[in-house]
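For reference, the structure discussed in these notes is given below.
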Amino acid sequence: MVQVNENYLKLKAGYLFPEISKRVSNFIKANSSSEVIKLGIGDVTEPLPQACVNAMSKALNEMGTNKGFKGYGPEQGYGWLREKIAENDFMSRGCQITPEEIFVSDGSKCDSSNILDILGDNNLIAVTDPVYPVYVDSNVMTGRTGETIQNGTYQGLLYLAINEDNNFLPEIPKSKVDIVYLCFPNNPTGATITKEELKKWVDYANKNKSLILFDAAYEAFIQDKDIPHSIYEIEGAKNCAIEFRSFSKNAGFTGVRCAYTVIPKNLSGHNSKGDKVDLWPLWNRRQCTKFNGVSYIVQRGAEAVYSSQGKKEVNSLIDFYMKNSKIMQNKLRTSGFTVYGGDNAPYVWIKVPVNMTSWDFFDYLLEKANVVGTPGSGFGLAGEGYFRLSAFNSRLNVNNAMERIINI
Ligand SMILES: *Cc1c(COP(=O)(O)O)cnc(C)c1O
């Protein structure tokens with residue numbers, strides 16, 4: 001008799017985005033005349049940078065020749081891409097990250113869940129609340145939590161609330177945690193962390209021999225000069241942090257698929273006897289066994305992000321979305337909303353009217369303005385009372401959506 005992984009049965013039934021789709025399609029069925037504008041799911045909308053398109057099409061043609069054909073590439077990614085990444089994303093910011101410490105992959109979503117493969121089952125794990133649901137659900141699936149309790153949180157995880165009282169910065173736990181997930185600039189709140197605040201986390205982790213899993217998927221959207229783009233800008237981070245980066249949001253690779261994870265060579269965990277064990281060889285082994293690398297074509301596309309044309313085009317994509325974000329902030333404030341985020345991230349995080357829950361506001365906005373957003377409570381208990389609007393859309397849709405909201 002086949003046994004299933006019962007941890008999957010602990011997952012909360014109504015996952016956020018399917019529930020949103022259901023409500024939207026019910027609404028559209030009942031109101032066929034109204035056109036709905038979706039500012040919900042965090043997916044990019046603008047076409048790929050031409051530099052990437054050209055590089056991928058050249059690579060594709062190469063593959064069709066005897067001379068240019070390539071089979072399996074290195075599991076860790078091609079050296080030429082890892083070198084460009086090290087140089088442009090780290091060395092240029094004074095972070096001593098070597099190409100060897102960079103593992104190219106097909107996404108940060110999978111990397112941030114797969115990383116659990118090399119980490120023990122009995123770590124005490126902390127996540128922020130609200131949170132990118134992938135961190136929580138992958139811990140549930142691998143049996144690292146208990147059941148959900150009535151309020152929807154899982155036993156065994158430590159939730160660090162981020163809300164307006166703490167300026168959307170998680171408080172450092174009084175007790176010791178082994179692993180903490182931090183995502184800055186933050187999805188869903190759009191909040192950022194300063195070097196001083198991040199330094200406190202790095203010091204905490206080094207003192208307690210904990211590991212920080214740092215998700216920097218939105219670093220390209222940072223506008224303020226003082227906000228760190230990488231955790232390795234903080235002294236001591238190479239001893240306590242893994243960083244996830246992705247080409248999804250900066251270069252619009254959500255449908256192309258390329259990302260990378262940094263595992264510093266001197267980063268270690270411990271075995272059950274308390275001896276130090278390096279993490280780099282474990283992740284390398286994991287990738288070599290379970291992963292066969294990212295397509296050559298796609299890696300050439302990612303490499304082009306670092307060309308001078310690529311950099312220019314990525315900058316104008318970021319400017320475009322951040323202009324959307326500014327428009328949204330201004331219009332929403334004008335119509336009386338309290339607005340957070342949106343300054344260094346493509347998400348604005350608004351407070352819903354006092355007499356409504358996040359889901360009430362979702363229905364209200366859908367009905368009155370035909371605009372779709374994401375209820376904050378879908379990202380965690382402490383997201384209740386908030387609502388996420390994404391700046392990933394055409395200018396026309398953003399303008400129209402804001403006009404509709406103002407005119408409710
Ligand atoms: C979009 C996003 C990513 C990127 O995921 P990919 O799998 O690389 O597309 C990672 N983390 C967060 C929080 C995100 O929102």
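Structure notes:
- Residue count for the stretch 44-69 satisfying the condition of being under 23 Å from N315 (Cα atoms) and assigned to a loop (DSSP other than H, G, I, E, B): 6.
- Residue match in the stretch 201-215 (condition: away from the ligand (no atom under 16 Å from the Cβ), part of a helix (DSSP H, G or I) and among the charged types (D, E, K, R)): yes
- Looking only at the stretch 150-165, residues that are under 16 Å from V177 (Cβ atoms), within 20 Å of the chain's Cα centre (by Cα) and either of a type in the set (S, T, Y) or in a loop (DSSP other than H, G, I, E, B) (or both) come to 2 in all.
- Pairs where the first residue, in the stretch 106-123, is under 14 Å from T145 (Cβ atoms) and the second is within 10 Å of the ligand (Cβ to nearest atom), C-beta under 9 Å, 6+ apart: S113/V134; S113/Y135
- Any pair with Cβ under 6 angstrom, 6 or more apart, that starts in the stretch 245-271 at a residue that is modelled with pLDDT of 95 or more and ends at one that is part of a helix (DSSP H, G or I) and near the ligand (Cβ under 9 Å from one of its atoms): S246/S108; F247/F253; S248/T254; A259/S108; T261/D111
- Scanning the stretch 296-343 for residues that are surrounded by fewer than 19 Cβ atoms within 10 Å (Cβ to Cβ) and among the polar types (S, T, N, Q) turns up S307, S308, Q309, N315, S316, N330, T334, S335, T338.
- Within the set N206, N186, the sole residue that is polar (S, T, N, Q) and closer than 28 Å to K326 by Cα turns out to be N186.
- Residue count, the stretch 270-289 (criterion: over 21 Å from E83 (Cβ atoms) and either crowded, with 18+ Cβ neighbours inside 10 Å or within 16 Å of the ligand (Cβ to nearest atom) (or both)): 1
- For first residues located in the stretch 205-221 and touching a residue at least 12 places away in the same chain (Cβ under 8 Å), partners that are in a strand (DSSP E or B) and more than 11 Å from the ligand (Cβ to nearest atom) and lie 6+ apart or on another chain with Cβ distances below 6 Å form the pairs A205/I212; L211/I179; I212/V180; I212/A241; L213/I242; F214/A241; F214/E243; A216/E243.
- Residue in the stretch 87-99 that is closer than 18 Å to C240 by Cα, of a type in the set (D, E) and assigned to a helix (DSSP H, G or I) present: no
- Residues of the stretch 42-59 satisfying the condition of being surrounded by fewer than 19 Cβ atoms within 10 Å (Cβ to Cβ) and away from the ligand (no atom under 16 Å from the Cβ): P47, Q50, V53, N54, S57, K58
- Selection count where residues are surrounded by fewer than 22 Cβ atoms within 10 Å (Cβ to Cβ) and under 21 Å from N344 (Cα atoms), scope the stretch 355-396: 2
The values are calculated or read from the model by the stated rules, or taken from the named source; none is laboratory data. Everything numeric here is computed off the predicted structure, so don't read it as measured data. As a convention, Cβ positions derive from the backbone with ideal geometry for all residues, glycine included, and neighbour counts pool all protein chains shown.
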